[in-house]
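**Student:** Take this structure first; my questions come after.
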Amino acid sequence: QVQLVESGGGLVQAGGSLRLSCAASGRLFRIDAMGWYRQAPGKQRELVATITSGGLTNYVDSVKGRFTISRDNAKKTVYLQMNSLAPEDTAVYYCNAFVNFLSRWGQGTQVTVNS
């Protein structure tokens with residue numbers, strides 16, 4: 001059983017920062033790309049950032065320069081450092097990882113940014 005468990009969401013004022021973590025556990029033979037997605041109320045889930053096992057990163061334009069994705073392969077954990085948060089960043093953030101060649105999702109963590 002493979003699990004992705006997110007943590008670090010919460011309520012923050014505009015301009016503040018949060019750091020999300022997502023740890024993979026279970027029968028982990030191989031972990032390839034990992035990433036973060038988000039879904040705001042009434043909107044489709046969108047890609048926020050991804051990182052390959054070798055450390056190559058990709059970001060949606062709206063978070064470039066504000067968010068940083070990183071991973072610790074030894075800890076099987078991916079992080080999302082979010083700075084200069086804005087109300088439009090409010091959403092449920094989901095961790096995604098390709099584990100054993102299958103796409104896996106975490107349960108989501110709420111991020112709310114007050115203006």
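The values are calculated or read from the model by the stated rules, or taken from the named source; none is laboratory data. These numbers come from a predicted model, not from an experiment. Quick reminder, even Gly has a Cβ in these numbers, built from the backbone with ideal geometry, and neighbours come from all protein chains shown. For the accessible areas, the whole protein counts, side chains as well, though only heavy atoms, and no ligand, DNA or RNA atoms are used. Shrake-Rupley method; radii C 1.70, N 1.55, O 1.52, S 1.80 Å.
**Student:** Which value, in debye to the nearest 20, describes the size of the charge dipole of the chain about its Cα centre when Lys and Arg Cβ atoms bear +1, Asp and Glu Cβ atoms bear -1, and nothing else is charged?
**Tutor:** The calculation lands at about 300 debye.
**Student:** By how many nm would the segment from L28 to A14 lengthen if fully extended, with 0.36 nm per residue of separation less the alpha-carbon distance?
**Tutor:** Difference between extended and current length: 1.3 nm.
**Student:** Give the aspartates and glutamates reachable from K64 as a straight Cα distance under 16 Å; neighbours fewer than 8 places away on the same chain don't count.
**Tutor:** Qualifying aspartates and glutamates at Cα under 16 Å: E46, E88, D89.
**Student:** Quick one: net charge around A40, please, counting Lys, Arg +1 and Asp, Glu -1 for every other residue with C-beta under 11 Å from its C-beta.
**Tutor:** The answer is 0.
**Student:** When only DSSP loop residues count, what chymotrypsin sites (Phe, Trp or Tyr not before Pro) in segment 1-100 have their Cβ near at most 10 other Cβ atoms within 10 Å?
**Tutor:** For chymotrypsin sites (Phe, Trp or Tyr not before Pro) across segment 1-100 that sit outside H, G, I, E and B with at most 10 neighbouring Cβ atoms in 10 Å, the list reads F29.
**Student:** Scan segment 42-92 for trypsin sites (Lys or Arg not before Pro) in coil per DSSP, keeping those whose Cβ has at most 12 other Cβ atoms within 10 Å, and list them by number.
**Tutor:** K43, K64, K75
**Student:** With point charges of +1 on the Cβ of Lys and Arg and -1 on the Cβ of Asp and Glu, referenced to the Cα centre of the chain, which listed residue (A97, Q81, G42) lies farthest in the positive direction of the dipole?
**Tutor:** A97
**Student:** Express in nm, to one decimal, how much length is gained between Q107 and N73 on full extension, taking 0.36 nm for each residue of separation and deducting their alpha carbon distance.
**Tutor:** Using 0.36 nm per residue and subtracting the Cα-Cα distance, I get 10.2 nm.
**Student:** Expressed as a whole percentage, what fraction of the accessible surface of the chain belongs to carbon and sulfur atoms when a 1.4 Å probe is rolled over the protein heavy atoms?
**Tutor:** On the way: 3030 of 6100 Å².
About 50 percent, which is the carbon plus sulfur part of the accessible surface.
**Student:** Next question, about the same structure. Please sort by residue number the trypsin sites (Lys or Arg not before Pro) in segment 1-30 whose DSSP state is loop and whose Cβ has at most 14 other Cβ atoms within 10 Å.
**Tutor:** Working: sites: R19, R27, R30; in loops: R27, R30.
Within segment 1-30, the qualifying trypsin sites (Lys or Arg not before Pro) (loop, at most 14 other Cβ atoms within 10 Å) are R27, R30.
**Student:** Given +1 on the Cβ of Lys and Arg, -1 on the Cβ of Asp and Glu, and no further charges, what dipole in debye does segment 58-115 carry about its Cα centre, rounded to the nearest 20?
**Tutor:** For this selection, approximately 280 debye.
**Student:** Using all Cα-Cα distances in the chain, what percent lands in each 5 angstrom bin from 0 up to the longest?
**Tutor:** Result, from short to long distances: 2, 13, 25, 25, 18, 10, 5, 1, 0 percent.
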